[in-house]
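Reading through the structure tokens given below for one structure.
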Amino acid sequence: MRNEDRARLALKLGYGLVPIVAGADKFSNLLVDWEKYLSPQVERALPVPGRTFMKLVGLVEMVAGGLVLVGWLGAIAANLVLDRDWDVAARDALLAVGAAALALMSGREKIRASLPRPVAQRAPPEGMAAVFH
């Protein structure tokens, strides 16, 4: 692999994966408390709580990162079609469709998981899980 190709791959992965990871972390705050980056003036002006806004920002980041990766795979597939490498083009096109579907499913599940559930549907306290199973 040429250095130019390595650089292109590094950029695509960086610009694709970092937003996905940062966006997903907006739902868990495992890496950082993202709300601390939200200006108090902006938070007061929002129609939703700051936490909810940051989750929406995270969803946008995940979609953008997914589009970078899917667009990249789509461009590779188009190049392979032009070179008449049909089998590899079909594989890469399927990978692009799969990446898009996974991004869509992941975003929906993250939002659904972040919504409060009724008390009757909530999981038992951590130490009590074995008792109920």
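Checked against the criterion of being part of a helix (DSSP H, G or I) and either within 24 Å of residue 5 (Cβ to Cβ) or at pLDDT 90 or above (or both), region 34-41 contains one or more residues that satisfy it. Considering only residues that are in contact (Cβ under 8 Å) with a residue 40 or more places away in the chain and open to solvent by less than 30 Å² (accessible area, probe 1.4 Å), which ones fall in region 28-66? Of everything in region 28-66, those that are in contact (Cβ under 8 Å) with a residue 40 or more places away in the chain and open to solvent by less than 30 Å² (accessible area, probe 1.4 Å) turn out to be 58, 62, 65, 66. Among the conditions (1) more than 19 Å from residue 14 (Cβ to Cβ); (2) open to solvent by 60 Å² or more (accessible area, probe 1.4 Å), residue 80 misses just one, which is (2).
Within the span defined as region 113-133, one or more residues are at pLDDT below 75, under 18 Å from residue 26 (Cβ atoms) and part of a helix (DSSP H, G or I). Report yes if residue 11 is in a helix (DSSP H, G or I), without any contact (Cβ under 8 Å) to a residue 40 or more places away in the chain and surrounded by fewer than 14 Cβ atoms within 10 Å (Cβ to Cβ), otherwise no. When the stated conditions are applied, residue 11 passes them. Of all the criteria given as (1) surrounded by fewer than 11 Cβ atoms within 10 Å (Cβ to Cβ); (2) modelled with pLDDT under 75, the one not satisfied by residue 72 is (1). Among the numbered conditions (1) of a type in the set (D, E, K, R); (2) without any contact (Cβ under 8 Å) to a residue 24 or more places away in the chain; (3) assigned to a helix (DSSP H, G or I), the only one that residue 25 does not meet is (2). Of everything in region 1-36, what is acidic (Asp, Glu), out of contact with any helix residue (DSSP H, G or I) (no Cβ under 9 Å at 6 or more places or on another chain) and farther than 20 Å from residue 74 by Cβ? Give them in sequence order. 4, 33 - these are the residues of region 1-36 that are acidic (Asp, Glu), out of contact with any helix residue (DSSP H, G or I) (no Cβ under 9 Å at 6 or more places or on another chain) and farther than 20 Å from residue 74 by Cβ.
The values are calculated or read from the model by the stated rules, or taken from the named source; none is laboratory data. Please read these numbers as outputs of a predicted model, since none were measured by experiment. Neighbour counts are summed over all protein chains in view; Cβ atoms, including those assigned to glycine, are modelled from backbone coordinates with ideal geometry. Just so you know, the surface numbers come from the protein's heavy atoms only, side chains and all, with ligands and any DNA or RNA stripped out. Shrake-Rupley method; radii C 1.70, N 1.55, O 1.52, S 1.80 Å.
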